[in-house]
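Asks: Take this structure first; my questions come after.
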There are 6 protein chains.
Amino acid sequence: MVVRRVELPPADAVRALEKYGVSTVHEAQGRTGLLAPYLRPIYPGAAIAGHAVTVSLPPGDNLMIHVAVEVCTPGSVLVVAPTSPSTDGYFGELLATSVRAHGVKGLVIDAGVRDVRPLTEMKFPVWSRAVSSQGTVKATLGSVNVPIVCAGAAIDPGDVIVADDDGVVVVKRAEAANVAAASQQRAEKEEGTRQRLAKGELGLDIYGLRTKIKELDYR
Amino acid sequence: MVVRRVELPPADAVRALEKYGVSTVHEAQGRTGLLAPYLRPIYPGAAIAGHAVTVSLPPGDNLMIHVAVEVCTPGSVLVVAPTSPSTDGYFGELLATSVRAHGVKGLVIDAGVRDVRPLTEMKFPVWSRAVSSQGTVKATLGSVNVPIVCAGAAIDPGDVIVADDDGVVVVKRAEAANVAAASQQRAEKEEGTRQRLAKGELGLDIYGLRTKIKELDYR
Amino acid sequence: MVVRRVELPPADAVRALEKYGVSTVHEAQGRTGLLAPYLRPIYPGAAIAGHAVTVSLPPGDNLMIHVAVEVCTPGSVLVVAPTSPSTDGYFGELLATSVRAHGVKGLVIDAGVRDVRPLTEMKFPVWSRAVSSQGTVKATLGSVNVPIVCAGAAIDPGDVIVADDDGVVVVKRAEAANVAAASQQRAEKEEGTRQRLAKGELGLDIYGLRTKIKELDYR
Amino acid sequence: MVVRRVELPPADAVRALEKYGVSTVHEAQGRTGLLAPYLRPIYPGAAIAGHAVTVSLPPGDNLMIHVAVEVCTPGSVLVVAPTSPSTDGYFGELLATSVRAHGVKGLVIDAGVRDVRPLTEMKFPVWSRAVSSQGTVKATLGSVNVPIVCAGAAIDPGDVIVADDDGVVVVKRAEAANVAAASQQRAEKEEGTRQRLAKGELGLDIYGLRTKIKELDYR
Amino acid sequence: MVVRRVELPPADAVRALEKYGVSTVHEAQGRTGLLAPYLRPIYPGAAIAGHAVTVSLPPGDNLMIHVAVEVCTPGSVLVVAPTSPSTDGYFGELLATSVRAHGVKGLVIDAGVRDVRPLTEMKFPVWSRAVSSQGTVKATLGSVNVPIVCAGAAIDPGDVIVADDDGVVVVKRAEAANVAAASQQRAEKEEGTRQRLAKGELGLDIYGLRTKIKELDYR
Amino acid sequence: MVVRRVELPPADAVRALEKYGVSTVHEAQGRTGLLAPYLRPIYPGAAIAGHAVTVSLPPGDNLMIHVAVEVCTPGSVLVVAPTSPSTDGYFGELLATSVRAHGVKGLVIDAGVRDVRPLTEMKFPVWSRAVSSQGTVKATLGSVNVPIVCAGAAIDPGDVIVADDDGVVVVKRAEAANVAAASQQRAEKEEGTRQRLAKGELGLDIYGLRTKIKELDYR
């Protein structure tokens, strides 16, 4: 099953979410949407946001990633989840070359990736659960742009994927603008707090925690 | 429960332990005190030693880290262990800003950390079992400066924590001077051995292992 | 048991395998021989190939690595597997200094390694399952240059070990020349494909996958 | 957030799904909906199906299970997922006594459970990722009867949960009748196959695999 | 290092703790002292309490268990922790025969055990992290009756070990009588609660949670 | 690749190895050949030995098990390893019915199995790393009766597989008679030791460990 058209999130919201990053966005939407922390970037420093093109595929088979390329558009982030746990290397330099030619910003995969050195040199960011050369076949069908669960998070096609050194978070498409606004508010508020903390003020005082601790202590 | 005053280890011993590093110190004290190797630094190259300020807290709740800041002093290393396994992100850029203002040298946490990029840029070193944006609440009390078990090692407040690219080791406060001296001896002895090995001499001969192997072989 | 003489793979095949790297070699030999992906390099960028000197040793005991040094020759890669799972640090700066003096190109160990910083500075590459300072004893015998299983792969002494940022793969000694040739063919073929993909052609078309998908769909 | 009313799946479909069991149901709905196999029953032999009452709660906090009891009805299966990984014991004999009084058939929890002996004696079935006495607090709010991800599967309130010695599978409420019918068909077909296999006929012949193998071999 | 004499906990407290079991005891002492839940009993139904004889030994070496037998007395529970992670089988039928002859009630080991069938038949209970036939050597010294960390918990010789189907908990020797009394109180209180819950009363009402939830909701 | 004929081990050696069991056999052959302890029996009490029919297959694809049935003979033990890590359910009741009709004694699989309840009822023993309903496809070729690595052990077709509650061990075909004899000797010797230990004699004295400890202590 391949869904070719999905509604996209507003471009300015995506830009804002990319700017604020995973931890701020995760907080700004009420501490939801985080993918499992075993997903790690293959090199440090990458930070992207884009709309999800989702791929569900059988273990050890990357046929559907080739299918997915055709529905990718500039700004897509590929989100790939096998139907059972796997560390195989479903994706490498050739596929990165291909999807980059179609505007894809990066890959999030609940499995393995290979060609880490070339991918690093071409600055194509990947968040994966493993690095593995183990090759895959092209023998069985799956789905593109259907709802999937990737690394413990439910992701719909068109949702915003935000990824950086802290991990990966998903923002529901319809919430993207709100979460972007909330992220900005949080970032601005944190700036003030940072300055006070840097001068030595205590979080106990800034956040009003002393009263709370007393209440907890009396129980 | 918060203990505000703990006896500190001798400053020159701490400096020496920082210089010799985790592997030498671990050997010098009889191969004890190592924290589990799943604790990893968030960026390479950091190497610190300091006295432990210990924090025991419930899973998913970082209230007690805020409490601990108040008892930190220059040279402290925060050592945080949740009461059950967790990968949440209990600590990030704001808390790092706060504890640095109070002289804390780094964080060792048997859980997750977030804001990896800002922490790397501000050179605040962290050894953790995970990187995760997952936020925590401030709803339940724990303890500061009580004996804890962190990543499999028993740690008392005021013990010396040594951490570098090899991991984290704890030195009992009362043993700090002895272990520093033994570390120096070991380092000096290794220097001679290194030169002989570099010339191609065999460890079999330098360490007198040939006799031992013969004995083992005859059994 | 120590086997001192093993037949070596052809030197030009080893050079070629080092050049093409783990993922290409693994594919070129029919997707076999890959060691488990939990083996990771201690620093990025190293890429080596060499003939295996195998070491089987008891957990927590590195005596046999010292024994193995004597049978290493220029171009050797040490391949070490304990007889039961272990993360101890069997190898560090001193042993690296020693084996380098005998021409060893690197270490692959299904266990832990220590002195990561000095090893990185001296550019001695290691692929390990853990970084750990935990010291080992020298109390029990094992074997050198016998067939072993390391990280899930069967390895005979004299086999070619190829290791880079993607992991580690073993090539049977007798197959080294063939696999080197097949690797070259694959690399050349991929170059053409890469250029077509970079222009936006789809893998679906280049690999003729559309017909296959139709067939699969009709079943 | 607590949703009190959810549409229920047809009772006869639930009964049929309970009868056919996890593996048959999973196959009958196209190999989807399986929860991760780390969920294991606390005692062998239990086999249930019922409509999901979902609970999302913070790690180490079971307040929302108490809230959920009020919206349970005869035939409910509690499905509990903490917002980050946890092995704490959120549920034991007292809660089992309570939910049984409200008709709950069992518990599926992506975390720990305790009181295994009393739960076994009262035949209250639980599928969990751990057994742990670790107590939880009642300090933070979560949600009841919202869509959750539990052990890697997306679950909506009112979906059918089927659980037995093979694990746990979810069937979408709207698909329950169809999947029940498909399960019956599969079970009937398997009965015939079983008899032929028991007589020594080969799956190669029964499933027509010889032709397929020849085709694959020619590629 | 072998400590031959340790102070024992009061016998009636040990009996009471055995009766109330791990989950109740863990709660009664403020949710502390639990060993990691990866320790599992080798057969269901065993429930013991006794004073700890602690053993620290190198990985893959069980010499110190043989040493420990000599200091075991009726009511001892052997608590064994290797100095680095291990799944080897340090203990089997012969050692069980031996320690039983000296009154040992069971074994808690942060490693592997073997001879599961004979141990089950002779009803010698073991809580371990693995079942493994992997044999161990007798080549290196360790310690008996020193403070150890076992499965994440700090244990002193003479502490009370309580173990049943829920896992293992340690009670400090000096606290044994208090914790036994608190366990009895908790058990008695739970009995009343159980009857009310069985009649369908809600924990929300019995524990007064409705007010708390309202407060939390208003924040 | 399917090898139809393999040389079988001597039948009386297989019977003897089955009788002595995994731990004794593993010891009798010098503590080698053990498969990783994550392989666990799906029900307690089974104990078998037989000659290995090996199967190497791609992840998520059980076609080659169907192929293997044709080369199974009375006394075979199926040994199945996917080419990359997997927990899928490659084998269930139907395949068990089929292979039993051809004399297969049991299954060892470095992956998952399903239909645990029916398999338990028909007393078809399985040692697996997981229980999972996750279905597999029949789309890609592999090999039957080639050398494989299964759960960390190298296994050739025709080797003897011994499996019981302690796990699984492989005995090389050519060594089967010797290992059977050594197992008998070990079992007989242990009987005498058991009686002495049961009377309270110490292993320290029976095994002459006191001298050894003194030697170790002097170093």
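Asks: Take region E:61-77 and flag every residue that is at the interface with chain F (Cβ under 7 Å from one of its Cβ atoms), hydrophobic (A, V, I, L, M, F, W, C) and over 21 Å from residue C:139 (Cβ atoms).
Replies: Hit for region E:61-77 is E:69, nothing else.
Asks: Tell me, which residue of region A:1-27 that is aliphatic (A, V, I, L, M) and within 10 Å of chain B (Cβ to nearest Cβ) is farthest from the chain's Cα centre (by Cα)?
Replies: A:25
Asks: Do we have any residue at all in region B:186-207 that's surrounded by 15 or more Cβ atoms within 10 Å (Cβ to Cβ), more than 29 Å from residue B:151 (Cβ to Cβ) and of a type in the set (Gly, Ala, Ser)?
Replies: yes
Asks: In addition: Hey, any hits in region C:36-47 for a residue that's small (Gly, Ala, Ser), out of contact with any Phe, Trp or Tyr (no Cβ under 7 Å at 6 or more places or on another chain) and part of a helix (DSSP H, G or I)?
Replies: Checking region C:36-47: not a single residue is small (Gly, Ala, Ser), out of contact with any Phe, Trp or Tyr (no Cβ under 7 Å at 6 or more places or on another chain) and part of a helix (DSSP H, G or I).
Asks: Okay, moving on. If you take the residues of region F:28-55 that are facing chain E (nearest Cβ under 9 Å) and buried (at least 22 other Cβ atoms within 10 Å of the Cβ), which of them is farthest from the chain's Cα centre (by Cα)?
Replies: F:37
Asks: Hey, could you check region D:81-100 for residues that are farther than 16 Å from residue B:82 by Cβ and out of contact with any helix residue (DSSP H, G or I) (no Cβ under 7 Å at 6 or more places or on another chain) and say which is surrounded by the most Cβ atoms within 10 Å (Cβ to Cβ)?
Replies: Checking each candidate, the answer is D:81.
Asks: Could you list, in sequence order, all residues of region C:153-174 that are surrounded by fewer than 23 Cβ atoms within 10 Å (Cβ to Cβ) and facing another protein chain (nearest Cβ under 7 Å)?
Replies: Residue satisfying the conditions is C:154 alone.
Asks: Among the residues of region D:109-120, write down those that are farther than 21 Å from residue B:59 by Cα and touching a residue at least 40 places away in the same chain (Cβ under 8 Å).
Replies: D:116, D:119, D:120
Asks: Here is a follow-up. I'm checking my understanding of the structure. Among residues of region C:208-218 that are facing chain A (nearest Cβ under 9 Å) and of a type in the set (D, E, K, R), which one is surrounded by the fewest Cβ atoms within 10 Å (Cβ to Cβ)?
Replies: C:217
Asks: Continuing with the same structure: Take the residues of region F:78-110 that are at the interface with another protein chain (Cβ under 10 Å from one of its Cβ atoms) and among the hydrophobic types (A, V, I, L, M, F, W, C): which is farthest from residue C:34 (Cα to Cα)?
Replies: Here the answer is F:101.
Asks: Of all residues in region A:114-135, how many are within 9 Å of chain C (Cβ to nearest Cβ) and either touching a Phe, Trp or Tyr at 6+ places or on another chain (Cβ under 7 Å) or among the hydrophobic types (A, V, I, L, M, F, W, C) (or both)?
Replies: The total comes to 4.
Asks: Further, regarding this structure: Output the residues belonging to region E:72-84 that are assigned to a loop (DSSP other than H, G, I, E, B) and touching a Pro at 6+ places or on another chain (Cβ under 9 Å).
Replies: The answer is E:83, E:84.
Asks: What number of residues in region D:145-174 are out of contact with any Leu (no Cβ under 9 Å at 6 or more places or on another chain), over 30 Å from residue F:42 (Cβ atoms) and touching a residue at least 40 places away in the same chain (Cβ under 8 Å)?
Replies: Selection size over region D:145-174: 5.
Asks: Take the residues in region C:7-35 that are among the small types (Gly, Ala, Ser) and assigned to a loop (DSSP other than H, G, I, E, B); name whichever of them is nearest to residue A:116 (Cα to Cα).
Replies: Per the stated criteria, the residue is C:33.
Asks: What number of residues within region D:175-189 are touching a Ser or Thr at 6+ places or on another chain (Cβ under 8 Å) and within 12 Å of another protein chain (Cβ to nearest Cβ)?
Replies: 2
Asks: Can you report the number of residues in region E:101-152 which are buried (at least 24 other Cβ atoms within 10 Å of the Cβ), in a strand (DSSP E or B), under 13 Å from the mean Cα position of the chain (by Cα) and not charged (D, E, K, R)?
Replies: Selection size over region E:101-152: 8.
Asks: Kindly indicate whether residue A:87 is farther than 17 Å from residue C:201 by Cβ, more than 17 Å from the chain's Cα centre (by Cα), assigned to a loop (DSSP other than H, G, I, E, B) and of a type outside the set (Phe, Trp, Tyr).
Replies: For residue A:87, the condition - farther than 17 Å from residue C:201 by Cβ, more than 17 Å from the chain's Cα centre (by Cα), assigned to a loop (DSSP other than H, G, I, E, B) and of a type outside the set (Phe, Trp, Tyr) - is met.
Read-outs throughout are calculated quantities, based only on the coordinates presented, and are distinct from any laboratory measurement. Source: prediction; values computed, not measured. So basically every Cβ, Gly included, is an ideal-geometry build from the backbone, and we count neighbours across all protein chains shown.
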